[in-house]
Amino acid sequence: MFQPLLTKNFHYGRPASLKEYEAAGGYEGLRAALKMTPDDVIKAVIDSGLRGRGGAGFPTGRKWSLTDRKSPGQRYFIVNADEMEPGTFKDRFLMERDPHQVIEGLLISGYATDAGKGYIFIRYEYTEAARALETAVQEAKGAGFIGKNILGSGFSMEISVHRSAGRYECGEETALMNALEGKRANPRSKPPYPASKGFRMRPTTINNAETVADVPHIIKMGGSAWKTLAAYEGGAGTKLYGISGRVKNPGLFELPTGTPLKEIIETHGGGMQDGYSFKACLPGGASTPIITPNNLNVPMDFDTVSKIGSRMGTGCVTVFDDTCCIVRAMINNLLFFTRESCGWCTPCRDGLPFVYDILQRIEAGVAEMDELNVLDENCETIYSNSFCAFAPGAVDPVRSMLRLFKDEVEEHIKLKRCPCLN
């Protein structure tokens, strides 16, 4: 029977204390890691198959192995908790309910990459989570888990909680580093990569909060054993899946990686509310392409979702019911991304407002049919020519709308009004 790992210490409305966390096996992973070599810790993470839980899905152990651990001077490890993707709320629950889990994961990650300083870069609006983390840092420091010569191992690390400047682009790792340095949160050119020249031009490793929280369990169980918890052969471990929209039981669920999308919606989300049927969903946040009923049985894992033309992203599913206007949904999406653009490159700064304007014209009934070609061409231009992944993610759902719901969009134009209003 499946036993939760990430959510086992969750208490409604409050964080687990250090005493509660240790009673449930907390900091055992850190104790075990400090008896291993950093290379052995990295190997365990590689063996686990853990991939970044922030959306990109890059292999975590491989990222750690690329970090420059030989050059003299300071190294940094940063937890990316700048969770601003619409429809995504998994990291918030982790930090509010079990902050020590994130801190322990950061300590082990810092040990593996020889980082003497760790930052938890958290979304500005997550005040409750930030307070929980700040309290937990002080508790851990008082217990000897943070600071000089941790548990007599010779490894030293300090941790700070840094509240974001409050911009979606801060979640892009190079923009995050600029923001942490007090600069405008624009993405940086690569190379150089953060692994060699990152924060303050020193070797830096950045992972999502959920990714880091998995690490103590991998060390305690062993990488290969943790990997087998997945429900799908190509997956690894457990995953936090969120669900929102017109379902009976919206919320956050820890499940084996690769749990089918249909099971997440119908079994854990309780299915659609009475009187409504499933129309489509965004499988992993507002920047992921639409999935229709034809692919409801897809295992929610990075590779399998990619094969059907979408992305798993954060694994937080936004459900659209049969009364939802897909054009209106995309307008809502684009409004967010248009406002959050950092303005660094032309395709994003000027292209997204143009796409947003065409969608508004379609909904208002003043667009002509040939504007669909203009919309499609601009989405492709933005997707292929933007400086970072922000703008491609913004137009990906629109591109999927034009592919999967072309008839509905054309009906808007033909009727000169939104048919969903009747």
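The values are calculated or read from the model by the stated rules, or taken from the named source; none is laboratory data. Computed from a prediction, not measured in an experiment: that's the story for all the values here. Neighbour counts run over all protein chains shown; Cβ positions are idealised from the backbone, glycine included.
Here are some notes:
- Qualifying residue in segment 141-157 (condition: assigned to a strand (DSSP E or B) and among the polar types (S, T, N, Q)): no
- Candidates Gly309, Gly351: the one that is at positive phi, out of contact with any Asp or Glu (no Cβ under 6 Å at 6 or more places or on another chain) and either surrounded by 23 or more Cβ atoms within 10 Å (Cβ to Cβ) or not assigned by TED's automatic domain parsing to the domain that holds Thr211 (or both) is Gly309.
- Listed here are the helices (runs of 4 or more DSSP H) enclosed by segment 316-420 that have at least 1 residues being at pLDDT below 95, more than 30 Å from Phe253 (Cβ to Cβ) and of a type in the set (D, E, K, R): 326-340, 346-349, 351-364, 371-385, 406-415.
- Selected residue (criterion: modelled with the lowest pLDDT) from residues of segment 10-51 that are on the phi > 0 side of the Ramachandran plot and out of contact with any strand residue (DSSP E or B) (no Cβ under 9 Å at 6 or more places or on another chain): Gly13
- Exactly one residue out of Leu34, Leu18 is surrounded by 14 or more Cβ atoms within 10 Å (Cβ to Cβ), within 24 Å of Arg92 (Cα to Cα) and of a type in the set (A, V, I, L, M): that is Leu18.
Okay, residues lined up against (1) touching a residue at least 40 places away in the same chain (Cβ under 8 Å); (2) in the same structural domain as Met300 (by TED's automatic domain parsing); (3) out of contact with any helix residue (DSSP H, G or I) (no Cβ under 7 Å at 6 or more places or on another chain); (4) not basic (Lys, Arg):
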| position | (1), (2), (3), (4) |
| --- | --- |
| Lys8 | no, no, yes, no |
| His11 | yes, no, no, yes |
| Ala23 | no, no, yes, yes |
| Gly29 | yes, no, no, yes |
| Leu34 | yes, no, no, yes |
| Ile46 | yes, no, no, yes |
| Arg51 | yes, no, no, no |
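- Qualifying positions in segment 315-328 - closer than 20 Å to Gly271 by Cβ and over 21 Å from the mean Cα position of the chain (by Cα): Asp321, Asp322, Thr323, Cys324
- Just one residue in the set Ala195, Ala236 is part of a loop (DSSP other than H, G, I, E, B), buried (at least 23 other Cβ atoms within 10 Å of the Cβ) and of a type outside the set (Asp, Glu); that residue is Ala236.
- In segment 253-302, the qualifying residues are those that are over 25 Å from Cys325 (Cα atoms) and of a type in the set (Asp, Glu), and the one that is surrounded by the fewest Cβ atoms within 10 Å (Cβ to Cβ) is Glu254.
- Pairs where the first residue, in segment 155-167, is within 16 Å of Leu34 (Cα to Cα) and the second is among the hydroxyl-bearing types (Ser, Thr, Tyr), C-beta under 9 Å, 6+ apart: Phe155/Tyr111; Met157/Tyr111
- Every test in (1) modelled with pLDDT of 95 or more; (2) in the same structural domain as Leu107 (by TED's automatic domain parsing) is passed by Lys190 save one, and that test is (1).
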